[in-house]
């Protein structure tokens, strides 16, 4: 095998997962100068670091999550007692020793036009939905699996993961794919 081909194959197999894109519509009452932003959560489950944001234009947005790990202070061990995803009920089992960071979407009014959130700009969580499913976004350091009651079963790959979670009598979990089209609803 020639060296350039071998280098290309090694790069393809050792690089992180492909980037994840989330796009869609914002319904309800978005504020003037609205931006949709992805924040990784701190250990208390509050918005920590803004890792990506885009303006809302004509009620639409398109986010490309960065292809790098979130800041280290937002990573935590994937443990049964630390999972706060919809549909996850005890008993919970985790396979794999991954560090993870959950990302939530928020809408805010970029009043000063600087393209990032500043205190006082009205940060509102906006839950992304696809049909009857909620989109869960999480970054994992390595492959892992989470199982819980009522049929919850999710596989995480290294990098950003999108999971579509539909909660009913049973919990249905499906991978979202690398490009996801969602609806975000915001109020005033």
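If one computes the Cα centroid of segment 118-188 and of segment 72-90, what distance in Å separates the two points?
If you average the Cα positions of each part, the centres end up 13 Å apart.
Normalising by the residue count of the chain, find the relative contact order in percent from Cα pairs under 8 Å and 6+ residues apart.
On the way: 439 pairs, mean separation 50.0, N = 188.
Relative contact order here is 27 percent.
Pick from 73, 35, 104 the residue whose mean-square fluctuation is largest in a GNM of the chain, springs joining Cα atoms under 10 Å.
Looking only at 73, 35, 104, the largest GNM fluctuation is found for 73.
What is the extension gain from residue 145 to residue 49, computed as 0.36 nm multiplied by their sequence separation minus the C-alpha to C-alpha distance, in nm to one decimal? Display every interim value, and only then the final one.
Numbers: separation 96, 0.36 × 96 = 34.56 nm, distance 2.54 nm.
Fully extending the segment from residue 145 to residue 49 adds 32.0 nm.
In terms of the Cα gyration tensor, with a ≥ b ≥ c the square roots of its eigenvalues, is segment 70-111 rounded because a/c is under 1.5, prolate because a/b exceeds b/c, or oblate? Present the calculation step by step, with values, prior to reporting the outcome.
Working: a/c = 4.25, a/b = 1.68, b/c = 2.53.
Oblate is the answer for segment 70-111, as a/c is 1.5 or above yet b/c matches or exceeds a/b.
By its C-alpha gyration tensor, with a ≥ b ≥ c as the square roots of the eigenvalues, how is segment 107-188 shaped: rounded for a/c under 1.5, else prolate for a/b larger than b/c, else oblate? Spell out each step's value before the answer.
Working: a/c = 2.72, a/b = 1.76, b/c = 1.55.
Prolate is the answer for segment 107-188, as a/c is 1.5 or above and a/b outweighs b/c.
First measure r as the distance between the Cβ atoms of residue 97 and residue 153, then evaluate 1/(1 + (r/R0)^6) with R0 = 22 Å and state the FRET efficiency to the nearest 0.05. Present the calculation step by step, with values, prior to reporting the outcome.
Working: r = 18 Å, r/R0 = 0.84.
It comes to 0.75.
Distance in nm between label sites at residue 179 and residue 127, each 7 Å beyond Cα in the beta-carbon direction?
2.8 nm
Counting helices only, and only those DSSP H runs with n ≥ 4, report the 222 nm mean residue ellipticity of the chain as the sum of -39,500 (n - 2.57) divided by its residues, in deg cm²/dmol to the nearest 500. Don't skip to the answer; put the middle values down first.
Values: 1 runs with 12 residues, N = 188.
So the calculated ellipticity at 222 nm is -2000 deg cm²/dmol.
Apply the a/c threshold of 1.5 to the C-alpha gyration tensor of segment 16-186 and tell me whether it is rounded, prolate or oblate. Show your work: numbers first, answer last.
Numbers: a/c = 1.90, a/b = 1.51, b/c = 1.26.
Here segment 16-186 falls in the prolate category.
Neighbour counts of other C-beta atoms within 10 Å: give me 76, 119 arranged from fewest to most.
Numbers: 76 15, 119 5.
Result, fewest neighbours first: 119, 76.
No value in this document is a laboratory result; all are computed from the given coordinates. This one's a predicted model, so the numbers in the text were calculated from it and none came from an experiment. Quick reminder, even Gly has a Cβ in these numbers, built from the backbone with ideal geometry, and neighbours come from all protein chains shown.
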